[in-house]
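Report on one structure; see the data block that follows.
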Protein chains: 2
Amino acid sequence: MKKIDLLLQARWVITVNTNNDLLEEHCLAINNGLIIDILPTQEAIQQYSAASHKILSEHAIMPGFVNCHTHAAMNLFRGIADDLPLMEWLQSHIWPAEQTHINQNFVRTGSQLAIAEMLRSGTTCFNDMYFFADETAKIANDIGIRACLGLIVIDFPTVWANDADEYISKGLQLHDQLRDKPLLTTAFAPHAPYTVSDTPLQKILTLSEELDIPVHMHIHETTDEVNQALDTTGMRPLQRLEKLGCLSPKLVAVHMTQLNDEEIKSIAAQGSHVVHCPESNQKLASGLCPVQKLIDAGINVALGTDGAASNNDLDMFGEMRSAALLGKITSMDAKAVTATTALRMATINGAKALGLDAITGSLEVNKAADITAINLNAIETQPLYNPISQIVYSASREQVTDVWVAGKQKLNKRQLTCVNEEQLLIEVKKWQQQINAT
Amino acid sequence: MKKIDLLLQARWVITVNTNNDLLEEHCLAINNGLIIDILPTQEAIQQYSAASHKILSEHAIMPGFVNCHTHAAMNLFRGIADDLPLMEWLQSHIWPAEQTHINQNFVRTGSQLAIAEMLRSGTTCFNDMYFFADETAKIANDIGIRACLGLIVIDFPTVWANDADEYISKGLQLHDQLRDKPLLTTAFAPHAPYTVSDTPLQKILTLSEELDIPVHMHIHETTDEVNQALDTTGMRPLQRLEKLGCLSPKLVAVHMTQLNDEEIKSIAAQGSHVVHCPESNQKLASGLCPVQKLIDAGINVALGTDGAASNNDLDMFGEMRSAALLGKITSMDAKAVTATTALRMATINGAKALGLDAITGSLEVNKAADITAINLNAIETQPLYNPISQIVYSASREQVTDVWVAGKQKLNKRQLTCVNEEQLLIEVKKWQQQINAT
């Protein structure tokens with residue numbers, strides 16, 4: 001009998017490996033934070049002596065979600081301005097609110113709220129872009145969730161930095177600080193083509209190659225963005241980015257609702273990644289990302305919720321469902337963006353985009369034990385003919401019972417192990433009062 | 001002090017009355033199943049002596065949802081065939097499964113499962129269309145949910161009836177049986193233009209006028225439906241229905257994804273109702289209903305989940321969110337289908353379509369106490385700037401804590417009061433095994 005930390009026994013194991021293997025009555029053997037074996041329960045019980053043996057008899061276990069586009073701290077702006085188009089929403093509501101309220105404390109509480117929400121809904125890794133990323137990093141590290149911190153860059157001054165050079169140097173400083181944090185990585189995060197000029201973009205490209213980190217950017221979110229660039233530069237934003245050399249396997253391009261066939265070919269040829277945010281794109285009436293077309297072209301498409309100010313939650317169940325539903329209507333083909341595709345987008349594809357697919361995104365031997373358990377024995381998910389279909393089309397975040405990140409349990413029977421929810425809600429309400437008062 | 005049955009004290013009362021009044025710290029006084037007063041909490045406590053005083057200090061209370069298009073018993077087919085277009089889904093999967101499995105017992109268990117799911121997610125009234133409606137009626141009556149039973153009519157024989165005349169006569173029989181059931185009403189339910197010919201439609205029209213009940217029908221669900229009708233009859237289905245005299249305030253037209261401007265004008269002029277099913281329409285890639293355009297034309301648009309075989313749940317929270325999100329992208333206008341509009345579609349507009357708006361669909365004096373309480377003090381719905389935005393864009397069905405139908409509590413702290421959930425799930429699993437075996 002081999003001694004291990006944890007034996008996770010489940011009714012279904014949804015591996016999201018290359019074969020999409022769906023295993024019944026199997027166990028995951030977990031030691032030192034890694035999955036060291038996946039095998040039938042009967043064999044597992046004979047081979048392993050586990051310090052803890054968790055039986056999930058009505059549950060599917062699956063890789064934790066990788067939420068590939070967030071602005072975590074914006075959770076404090078959840079519902080502050082709804083039913084408005086992107087530019088009005090940004091210019092009349094979000095940017096003024098940010099100018100008034102953003103500081104280290106705001107980002108601390110907002111990040112705590114977002115991470116609590118993500119863990120409660122089965123997300124074990126997120127790709128963030130916001131000011132005071134050092135604070136978000138600290139909170140992610142303290143709570144113990146995997147995160148890719150965006151080293152944000154914008155041409156104009158904010159509370160975080162005065163000019164592109166300062167954004168970049170603050171980003172590099174944070175990157176250095178996080179070198180010894182096993183759960184944390186970084187990506188350059190130039191905000192968008194219309195807010196970052198060529199010079200900083202070129203610096204970012206060089207540095208991202210040197211440091212071997214992704215470049216996370218909003219691109220082609222709306223027709224307005226594309227048309228304005230055409231008016232002012234004579235080029236579509238992607239053309240400009242391609243000329244600058246931005247299209248590469250390091251590029252994590254978010255939104256991408258406006259794409260012609262030539263652009264799709266380029267993205268595929270260069271191995272860039274696309275992050276689809278179906279709920280945000282609908283809520284802001286930004287446009288329809290041609291997800292199935294991108295997948296058919298061989299592009300890796302991941303999934304993100306965007307910030308809670310434009311969604312208004314960080315729920316990857318809702319996002320998978322929206323991706324599958326919207327993907328079909330966008331292609332006018334009910335076979336487009338199947339449940340399995342949506343599940344891959346929400347897990348392994350996100351890990352790939354972040355360069356983390358050797359570590360997370362699927363349940364495979366030698367990967368981190370980043371795991372979400374979902375109780376499917378509810379009125380809402382019965383009868384059950386296919387657990388993947390049930391998870392994508394019927395289950396809700398509240399059916400997540402347990403979550404592990406790198407083998408450490410972060411949610412235990414719906415209770416967060418590393419967040420004081422009551423205290424957090426008190427802090428959140430203080431911010432609500434303060435924001436409401438202005 | 002006036003003696004009453006129940007005083008419901010809530011942090012927020014979302015009335016969905018004509019003014020969309022949102023009241024804070026108010027009470028509903030309930031007696032004999034009716035709302036007899038709505039007033040500030042301090043006044044209520046002085047004026048009423050209630051047998052039961054329920055305090056919902058973190059909650060919004062709102063009218064129970066009216067799910068305006070269901071096939072309740074199909075809950076047993078939840079997830080049986082996904083990611084398929086309408087006709088393949090119907091002809092290769094649903095119709096064969098129905099032929100093999102549908103009987104009184106199937107409809108009994110399927111209806112119980114659907115009603116349990118609906119009550120758990122805040123729905124207090126549903127508009128159903130399926131075989132053995134007598135059985136669904138019995139279950140709805142036993143559990144105590146409001147329902148409009150569809151008197152189904154199709155040209156071809158099924159286990160329920162052999163020809164249109166038999167469908168109609170069985171329908172009339174059921175209508176008579178339900179006369180003394182205060183929670184139950186009926187509607188004629190000719191399945192669709194492509195499955196019901198002129199003669200039965202004409203009979204139905206005459207009878208619906210005589211009995212003063214709605215006509216509930218799938219119409220213009222897909223382009224194929226419209227094109228095939230054009231090919232075979234030279235008319236679009238709506239043209240044919242208009243010629244037959246079907247367009248009237250009695251018509252409850254479901255789906256309506258294919259509509260030209262002239263048709264929209266006719267529907268508005270005749271006062272017919274449209275039921276939008278955003279998730280089903282996306283899942284089957286049926287098409288986009290132009291919801292905001294219909295509303296702007298003055299048409300009453302309600303909301304339905306459709307059956308769980310094409311959705312795959314009966315969750316009106318998800319459906320409101322989908323309606324708001326899809327409505328914006330359909331109009332390419334972020335101001336289209338606001339949160340308030342989606343909430344009205346899911347409540348009062350459904351009641352209007354069913355001719356039940358004097359009884360249910362809003363919280364107003366002299367209406368039935370059909371009420372849903374939602375706890376908004378969750379990580380996922382904080383901070384909170386506007387409860388309606390939170391309910392539409394962030395809340396989940398699991399945040400429904402309590403539900404009343406006609407003043408009787410049907411859900412109490414998430415526990416169903418009139419359904420044995422454990423026993424129900426055992427029955428459901430038996431059906432799952434039987435369906436899986438074929």
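Tabulated data
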| read-out | value |
| --- | --- |
| Neighbour net charge for A:Q239 - beta-carbon separation under 12 angstrom, K R +1, D E -1 | 0 |
| For the stretch A:162-202 versus the stretch B:218-285, the gap between their alpha-carbon centres in whole angstrom | 53 |
| Over the stretch A:44-193, equivalent-ellipsoid semi-axes from the Cα gyration tensor in Å | 34, 20, 12 |
| Label distances, nm, B:S52 versus same residue in remaining copies, Cβ-directed 7 Å point | 4.0 |
| Gyration tensor over alpha-carbon atoms, the stretch A:17-117, equivalent ellipsoid semi-axes in Å | 45, 16, 11 |
| Kirkwood hydrodynamic radius (C-alpha pairs) into Stokes-Einstein, the stretch B:145-262, 10 °C and 1.306 mPa s, D in µm²/s | 107 |
| Space enclosed by the convex hull of the alpha-carbon atoms of the stretch B:24-83, per residue, Å³ | 177 |
| Relative contact order [Cα under 8 Å, 6+ residues apart], the stretch A:65-353, whole percent | 20 |
| Copies compared at B:Q104 - label distances in nm, ascending, label defined 7 Å from Cα in the Cβ direction | 7.4 |
| Neighbouring partner chain Cβ atoms per residue of B:423-432, average, 10 Å criterion | 2 |
| Base-10 log of normalised Debye intensity for the stretch A:276-337 (one unit scatterer per alpha-carbon) at q = 0.18, 0.19, 0.21 Å⁻¹ | -0.58, -0.64, -0.78 |
| Point-to-point label distance, B:I426-A:Q42, nm (Cα→Cβ direction, 7 Å offset) | 2.8 |
| P(r) weight above 24 Å for the stretch B:65-353, C-alpha pairs, percent | 46 |
| Kirkwood Rh and Cα Rg combined as Rg over Rh, evaluated for the stretch A:1-46 | 0.97 |
| Using a 7 Å Cα-to-Cβ projection, A:D155 label spacings across copies, nm, ascending | 6.4 |
| Cβ-based net charge around B:N162, under 15 Å, with every Lys or Arg adding one and every Asp or Glu removing one | -3 |
| GNM top mover of B:L384, B:L23, B:L251 - chain B, alpha-carbon springs below 10 Å | B:L384 |
| Inter-chain shielding of A:268-281 (mean C-beta neighbours from other protein chains, 10 Å cut-off) | 1 |
| Unit Cα scatterers, Debye sum, the stretch B:272-410: log10 I(q)/I(0) for q = 0.08 Å⁻¹ | -0.21 |
| Simple spin-label estimate for A:T438 and B:T232 in nanometres, 7 Å along Cα-Cβ | 6.4 |
| Of every Cα-Cα pair in the stretch B:74-119, the percent that sits beyond 17 Å | 38 |
| Chain B: most fluctuating residue of B:L207, B:L425, B:L411 per GNM, C-alpha cutoff 10 Å | B:L425 |
| Cα convex hull volume per residue for the stretch A:211-271 (Å³) | 80 |
| Kirkwood Rh in Å, taken over the stretch B:123-184 so that all alpha-carbon pairs contribute | 11.9 |
| Average partner coverage of B:390-400, which counts Cβ from other chains inside 10 Å | 5 |
| Antiparallel bridge percentage (DSSP; both residues within the protein assembly as shown; nearest 5) | 45 |
| Identity and axial distance of the chain A residue whose Cβ lies nearest the axis relating A to B, Å | A:E398, 2 |
| Most fluctuating residue given options A:E210, A:E221, A:E380, as computed from a GNM of chain A linking Cα atoms under 10 Å | A:E210 |
| Charge sum, other residues only, whose C-beta stays under 15 Å from B:L22's C-beta, Lys/Arg counted +1 and Asp/Glu -1 | -3 |
| Using alpha carbons only: equivalent-ellipsoid semi-axes of the protein assembly as shown, gyration tensor based, whole Å | 44, 30, 29 |
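Here, each number is a calculation from the coordinates, and none is a lab measurement. All of these numbers come straight from a predicted model, not from anything done at the bench. For neighbour counting, all protein chains shown are included, and Cβ atoms are generated from backbone atoms with ideal geometry for every residue, glycine included.
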